[in-house]
1. Could you look through segment 17-49, keep only residues that are among the polar types (S, T, N, Q) and buried (at least 19 other Cβ atoms within 10 Å of the Cβ), and pick out the one that is farthest from residue 76 (Cα to Cα)?
2. Name the residue that is farthest from residue 118 (Cα to Cα), counting only residues in segment 50-79 that are surrounded by fewer than 17 Cβ atoms within 10 Å (Cβ to Cβ) and of a type in the set (Ser, Thr, Tyr).
3. Within segment 73-114, can you find the residues that are among the aliphatic types (A, V, I, L, M) and either free of Cβ contacts under 8 Å to residues at least 40 places away in the same chain or over 25 Å from residue 161 (Cβ atoms) (or both)?
4. Which one of these is closer than 19 Å to residue 186 by Cα and either among the small types (Gly, Ala, Ser) or assigned to a helix (DSSP H, G or I) (or both): 105, 72?
5. Among the residues of segment 55-67, which ones are of a type outside the set (Lys, Arg) and either in contact (Cβ under 8 Å) with a residue 24 or more places away in the chain or closer than 16 Å to residue 35 by Cα (or both)?
6. Determine the pairs where a residue that is at positive phi, located within segment 179-201, has a partner that is modelled with pLDDT of 95 or more and part of a loop (DSSP other than H, G, I, E, B) with Cβ atoms under 6 Å apart, the partner being 6 or more residues away or on another chain.
7. Where residues in segment 190-237 are assigned to a helix (DSSP H, G or I) and among the acidic types (Asp, Glu), which of them is farthest from residue 115 (Cα to Cα)?
Amino acid sequence: MSWYSYRVGWIHCSLNYGRKNIADFCRRAVPYETVLDIGAGYGDDLQLAQKYSPGTRMYAVEVNPIHARRLESSGIAVFPMNIERQRIPLEDRSVDLVIMNQVLEHIKDIYWVFHEVSRVLAVGGKLIVGVPNLASFHNRILLVLGLQPTCIKTNSAHVRGFTRGDILQFLNEVFPRGYQLRRFKGANFYPFPPWLAEPAAALFPSLSWGLFMLFEKRLPYHQEFLTAPVIQELETNFYLGEN
């Protein structure tokens with residue numbers, strides 16, 4: 001078990017990945033036959049998905065060669081691609097479950113990523129999202145003190161910050177009624193140790209370190225994440241495909 005000293009108290013950082021939440025969401029998503037994990041790492045979330053649906057076909061987007069080799073040795077088909085610029089090599093509506101855990105905070109071209117996810121995900125399929133919480137308890141205190149939230153420091157790999165309401169607003173404005181939130185949970189609670197952090201995150205998920213959501217795709221997708229009017233009004237060169 002690894003521990004990390006964070007100013008006040010001790011924080012078990014592995015709780016940030018919300019494995020218990022991912023496991024619960026996978027269990028609720030059954031039945032599924034095809035799973036895609038974007039930013040799969042060593043495949044921990046895919047192992048949870050396979051636990052609840054043995055024999056499922058597993059795909060991973062992963063560019064780290066060490067992680068990719070380990071995934072391939074486990075029989076997982078790996079796509080070493082740039083998810084912000086390239087097309088996922090899967091057919092439309094061919095995936096039953098998509099997992100994006102601790103990925104979206106690293107993404108600039110979020111419209112392209114959600115376009116590709118929505119393209120390959122079947123109607124009725126499930127989407128699991130896990131992101132750091134900009135509105136967590138400790139980040140609110142930091143902002144009151146005039147300090148930078150830990151999840152979106154300039155000297156870091158994170159380029160986006162998320163709250164529960166912001167994610168829901170984003171999906172509803174760009175793809176109205178396309179996704180329905182089925183479950184919402186929190187993970188970890190800074191600056192407390194696990195014996196306090198886990199119950200606190202369960203009781204106050206909107207204040208927890210991480211936000212975890214289970215969505216169901218409710219409508220057929222017609223490229224809304226590339227063509228929605230709101231995107232055309234933004235004065236930012238988001239990647240929306242070659243054409």
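1. 21
2. Among them, the one singled out is 73.
3. Across segment 73-114, the qualifying residues are 76, 77, 78, 81, 88, 90, 95, 97.
4. Criteria check complete, one pass: 105.
5. Passing the criteria: 55, 56, 58, 59, 60, 61, 62, 67.
6. 188/209
7. 198
The values are calculated or read from the model by the stated rules, or taken from the named source; none is laboratory data. Treat the numbers as computed from the prediction; the structure is a model and nothing was measured. In this analysis, Cβ positions are derived from the backbone assuming ideal geometry, glycine residues included, and neighbour counts consider all displayed protein chains.
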